[in-house]
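The values are calculated or read from the model by the stated rules, or taken from the named source; none is laboratory data. Computed from a predicted structure; not experimentally measured. Note that each Cβ is placed from the backbone with ideal geometry, even for glycine, and that neighbours are counted across all protein chains shown.
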Amino acid sequence: MTTISLTTAPTSNAVRSGVLLMLLGMVMFSLNDVLGKWLVASYSVSQLMLIRSLAALVVLSPYLWKTGVKRLYQVDRPGLHFVRCMLFAFEALAFYFIVFYMPLADAMTYWLAAPIYVAALSPLLLGEKVGWRRWCAIVLGFVGVVIALEPSSQSFTLPALVAIAGSFAFALAMVLGRTLRAAPDSTLVFWQIAGAAVVSVVGVVVEPNGWRPMSGIDFGLLCLLGVVAMSAHMLVNRSLKLVDAATVVPLQYTLLLWAIVFGWLFFGDVPRPAMLVGSAVIVASGLFIFFREQQLKRRGRQ
């Protein structure tokens, strides 16, 4: 997600609109997760991701045509773009894989730890300076992941390991996004979706029962998955253009609340106490890291 700094203070109407758009975007993302969890019970992850990606590209195509097709393939450092696409493809496949086996709230807890991984990786991969306060928050965030995981011989199941790997891949992709921030948003979004589509085609061919016949209703729901996801991204990006990141980015943690509510409402999932405690620690750590970074940016500008 790309933040855009505003040269003038946003008006109260802009702030209100930005907050509402961000909250609506989080609801859309949560509904996307609910729909994906329901559909992956009947169709393979690869089939779901392929149709989702193609539908998203159809929705995105007018914008891509308007901004210019040439910008999509004339990119600097294509190797990094390729790695970023593969990381996003893996994390998306991993997410839809694990929601088949675990409650939405548990899956979301692992993904909310991604900003903590980003903060830990930034000094190693980007050369950014991280002070002792943020390092303490990073360590605390890892403790939260351990609490949510409830380490035991039974807890290190394949879904749990895939969840950790998927959220870590998401963090790596975000780090690469920082190094490629000069690339247009349309280029980054297009190759992210196209990469997922290509990987999904391979999965459909290789995976046993990778493709199953669909009813018209199910095909429409699979397409809706892509439309909802793209709409959520558009709402979030619009919110970040209206209001500074410090106002609206913390609202992204409402994803966990919706995951708990929708998981209970649609699937009868009851949150585990360890998950609630671990997610609270992760959210607190992530918020501290974010606000500390915002504070340091303001000092740098001054």
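The number of residues in segment 245-296 that are among the acidic types (Asp, Glu) and either under 18 Å from the mean Cα position of the chain (by Cα) or assigned to a helix (DSSP H, G or I) (or both) comes to 1.
What residue, among those in segment 207-223 that are within 26 Å of the chain's Cα centre (by Cα) and farther than 16 Å from residue 35 by Cα, is modelled with the lowest pLDDT?
Of the residues in segment 207-223, the ones within 26 Å of the chain's Cα centre (by Cα) are 207, 210-211, 218-223.
From what is left, the residues that are farther than 16 Å from residue 35 by Cα are 207, 210-211.
Details: 207: 85, 210: 88, 211: 93.
Result: 207.
Filtering segment 54-85 down to residues that are free of Cβ contacts under 8 Å to residues at least 24 places away in the same chain and polar (S, T, N, Q), which residue is surrounded by the most Cβ atoms within 10 Å (Cβ to Cβ)? Once the filter is applied, the top-ranked residue is 61.
Within the group 143, 130, which residue is touching a helix residue (DSSP H, G or I) at 6+ places or on another chain (Cβ under 9 Å) and within 16 Å of residue 277 (Cα to Cα)? Walk me through it before giving the result.
Values: 130 fails: within 16 Å of residue 277 (Cα to Cα).
Answer to the selection: 143.
All of (1) without any contact (Cβ under 8 Å) to a residue 60 or more places away in the chain; (2) more than 25 Å from residue 19 (Cα to Cα); (3) not acidic (Asp, Glu) hold for residue 246 with one exception: (2). Is it fair to say residue 299 is surrounded by 14 or more Cβ atoms within 10 Å (Cβ to Cβ), part of a helix (DSSP H, G or I) and among the basic types (Lys, Arg)? No.
Only one of the numbered conditions (1) over 30 Å from residue 15 (Cβ atoms); (2) among the acidic types (Asp, Glu); (3) modelled with pLDDT under 90; (4) buried (at least 16 other Cβ atoms within 10 Å of the Cβ) is not met by residue 269, and that is (3). Across segment 101-117, not a single residue is classified as more than 25 Å from residue 258 (Cα to Cα) and at pLDDT below 90. The sole residue among 292, 238, 272 that is among the charged types (D, E, K, R) and within 19 Å of residue 148 (Cα to Cα) is 272.
Evaluated against (1) closer than 22 Å to residue 71 by Cβ; (2) outside any helix (DSSP H, G or I), residue 208 falls short on exactly one condition, (1).
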